[in-house]
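Shown next, in structure tokens, is the structure this report addresses.
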Amino acid sequence: MPFSSTDGQYDVIVVGASFAGLSFASVAATLGMRVLVLERDEQVGGIVRTTGVLFSDVLDFLDVPARYLMNAVRRVHIQPPGAGPLKISARAYRFYMADVTGMLRWMAGQAEEHGATIRCATLFLDAKRGEDGLMSVQVGQAPGEPETLTTRILVGADGTRSRVAQRLGLDQNTRFLAGAEWLLEGVELDRETFYLIMNHELAPGYCLWLAPHGAITALGVAGHPRTFNPTTSLRKAQELFQNVAELSQARVVERKAGVIPTGGRLRKVYRDDESGHALLLGDAAGLCGAATGGGIYPALISGRLAAHAVANEVSNGTPGAIKAYLRNIAQAGRLGHYLRIEDWLRFVLDNMRSDADVSMLYGLFASPEGHKILQSALLETPIIGMDSNFFALLRGLLSKHPRIYRSAFQALWQRVTTANRAAKES
């Protein structure tokens with residue numbers, strides 16, 4: 001039977017009220033669990049670090065109100081070094097620019113309606129397991145002394161640099177991209193087109209972007225940390241995008257910055273032993289679309305599936321349900337194929353050493369075969385439609401760039417074999 005939450009006891013405490021945490025909390029509460037969500041910020045959605053690229057696949061399982069879908073995008077223009085832009089388009093909308101703050105607050109409201117409790121301005125401090133098998137969780141809420149709560153399981157959905165992972169001895173992200181974004185007023189921009197510039201000096205390992213964002217415009221950059229200055233890159237980007245939009249008179253209304261995990265799915269994201277009972281979700285577990293910018297999708301779908309697994313094991317007494325979720329998550333909505341392609345593209349981008357490399361790579365995508373694959377990957381193929389044949393096409397294209405292909409394949413093979421060993425051990 002679930003605990004009463006009136007005395008600080010819960011079935012599950014979730015750290016982090018973003019997409020993974022709120023998705024988990026809403027489903028877990030619907031399944032009858034006593035759920036508490038801890039959010040360190042003053043309010044849900046108060047600090048947003050993501051651009052808000054929302055794949056249309058999300059709408060298959062989450063009925064997002066239309067008011068949070070600001071721009072429907074059907075065209076992508078990619079500008080590689082020293083060449084003309086690659087232009088791809090589709091009749092149907094492939095992704096949306098979402099009002100992230102509004103969407104998170106709506107999700108929080110849904111979770112509360114289903115029975116979850118959300119506490120903002122509350123820090124997760126530490127946790128340990130007692131002799132009775134329950135987790136004692138220390139939280140801080142200014143003003144006041146630390147408070148101790150009790151839960152059967154702790155869920156860490158607290159982002160790339162997860163404190164839950166750190167305190168519970170779970171794997172932590174070690175590879176990142178550093179990103180920054182300015183939200184601009186006073187820019188006239190095509191509201192259905194996403195613009196990208198590939199530039200190794202200004203955005204090593206990723207790109208610069210200019211994107212419609214409701215009534216305003218997002219100008220952003222990401223790249224390998226400590227190899228570039230994001231502010232310098234954004235200032236230079238105003239000149240680089242001059243053929244797309246006039247930015248010299250734009251007004252910056254908001255500045256955002258953050259890090260994106262790029263190491264792929266982490267191996268040790270769950271423990272159930274004398275030291276603790278905890279599970280990581282979303283960015284904390286390395287579930288992130290770090291090549292295509294589609295990290296919201298894996299966060300949402302993993303949160304929902306994990307909630308069912310936790311409810312089965314914790315409330316229904318089904319042993320091994322959480323480990324089964326970890327083994328099988330790759331089969332959910334073709335998530336495994338999507339993450340595999342993400343890994344491959346991420347490794348390819350990481351192996352770019354100069355603008356010459358970047359130009360050669362995108363020269364492959366300028367070919368008829370490459371254009372078709374790019375069009376399909378970014379604008380046509382839903383995640384559930386990604387399969388091994390699609391991956392083979394991508395691999396065949398990249399094999400025409402031998403050095404990048406060899407480095408990426410070796411790194412990916414190492415990750416695949418490591419994941420297989422982890423699955424066998426679990």
Tally, over segment 192-239, of residues that are buried (at least 18 other Cβ atoms within 10 Å of the Cβ) and of a type in the set (S, T, N, Q): 4
Every residue from segment 95-149 that is within 18 Å of Phe19 (Cα to Cα) and of a type in the set (Lys, Arg): Arg105, Arg119
Any hit, segment 153-163, residues being assigned by TED's automatic domain parsing to the domain that holds Asp272, surrounded by 15 or more Cβ atoms within 10 Å (Cβ to Cβ), on the phi > 0 side of the Ramachandran plot and not in a strand (DSSP E or B): yes
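Can you confirm whether Ala324 is in a helix (DSSP H, G or I) and either in the same structural domain as Gly223 (by TED's automatic domain parsing) or more than 29 Å from Arg191 (Cβ to Cβ) (or both)?
Values: in a helix (DSSP H, G or I): yes; either in the same structural domain as Gly223 (by TED's automatic domain parsing) or more than 29 Å from Arg191 (Cβ to Cβ) (or both): yes.
Yes.
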Checklist (1) of a type outside the set (Ser, Thr, Tyr); (2) surrounded by 20 or more Cβ atoms within 10 Å (Cβ to Cβ); (3) at pLDDT below 85; (4) assigned to a helix (DSSP H, G or I) applied to Val310, failing item: (3)
Filtered residue count, segment 142-174, keeping only those that are free of Cβ contacts under 8 Å to residues at least 60 places away in the same chain and more than 21 Å from the chain's Cα centre (by Cα): 6
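Could we say that Ala25 is over 18 Å from Gly258 (Cα atoms) and surrounded by fewer than 24 Cβ atoms within 10 Å (Cβ to Cβ) here? Lay out the reasoning, then the answer.
Working: over 18 Å from Gly258 (Cα atoms): yes; surrounded by fewer than 24 Cβ atoms within 10 Å (Cβ to Cβ): no.
No, not satisfied.
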Residue that is farthest from the chain's Cα centre (by Cα) [pool: residues in segment 107-135 that are part of a helix (DSSP H, G or I) and loosely packed, with under 15 Cβ neighbours inside 10 Å]: Glu113
Residue count, segment 329-357 (criterion: modelled with pLDDT of 80 or more, part of a helix (DSSP H, G or I) and under 20 Å from Gly289 (Cβ atoms)): 3
Residue list for segment 103-127, filter: out of contact with any strand residue (DSSP E or B) (no Cβ under 9 Å at 6 or more places or on another chain) and not polar (S, T, N, Q): Leu104, Arg105, Trp106, Met107, Gly109, Glu113, Ala121
Residues of segment 1-38 satisfying the condition of being more than 16 Å from Ala299 (Cα to Cα), assigned to a loop (DSSP other than H, G, I, E, B) and either at pLDDT 95 or above or in contact with a His (Cβ under 6 Å, 6 or more places away or on another chain) (or both): Leu31, Gly32, Met33, Arg34
Within segment 48-106, tally of residues that are hydroxyl-bearing (Ser, Thr, Tyr) and surrounded by 17 or more Cβ atoms within 10 Å (Cβ to Cβ): 5
Sole exception among (1) at pLDDT 95 or above; (2) under 18 Å from the mean Cα position of the chain (by Cα); (3) farther than 19 Å from Ile78 by Cα; (4) crowded, with 21+ Cβ neighbours inside 10 Å for Leu177, by number: (1)
Any hit, segment 184-197, residues being over 15 Å from Ile78 (Cα atoms), in the same structural domain as Ala250 (by TED's automatic domain parsing) and assigned to a strand (DSSP E or B): yes
Criterion violated by Thr101 - all others in (1) free of Cβ contacts under 8 Å to residues at least 60 places away in the same chain; (2) of a type in the set (S, T, N, Q); (3) closer than 16 Å to Gly8 by Cβ satisfied: (3)
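From the list Ala377, Ala423, Ala411, Ala419, pick out the single residue that is part of a helix (DSSP H, G or I), touching a Phe, Trp or Tyr at 6+ places or on another chain (Cβ under 9 Å), among the small types (Gly, Ala, Ser) and at pLDDT below 60.
From the options Ala377, Ala423, Ala411, Ala419, the qualifying one is Ala411.
For segment 28-47, how many residues are among the β-branched types (Val, Ile, Thr), crowded, with 21+ Cβ neighbours inside 10 Å and either under 30 Å from Val221 (Cα atoms) or in contact with a Pro (Cβ under 6 Å, 6 or more places away or on another chain) (or both)? Full working, then the answer.
Going residue by residue through segment 28-47, those that are among the β-branched types (Val, Ile, Thr) are 30, 35, 37, 44, 47.
Next cut, crowded, with 21+ Cβ neighbours inside 10 Å only: 35, 37, 44.
From what's left, either under 30 Å from Val221 (Cα atoms) or in contact with a Pro (Cβ under 6 Å, 6 or more places away or on another chain) (or both): 44.
The qualifying residues number 1.
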Odd one out for Val139, checked against (1) part of a strand (DSSP E or B); (2) surrounded by fewer than 17 Cβ atoms within 10 Å (Cβ to Cβ): (2)
Selection from segment 123-133 of residues that are touching a residue at least 40 places away in the same chain (Cβ under 8 Å) and under 16 Å from Val314 (Cβ atoms): Ala127, Arg129, Gly133
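The values are calculated or read from the model by the stated rules, or taken from the named source; none is laboratory data. Note that the structure is a prediction, hence the values are computed from the model and not measured. No Cβ is skipped: glycine too gets one built from the backbone with ideal geometry, and neighbour counts run over all protein chains shown.
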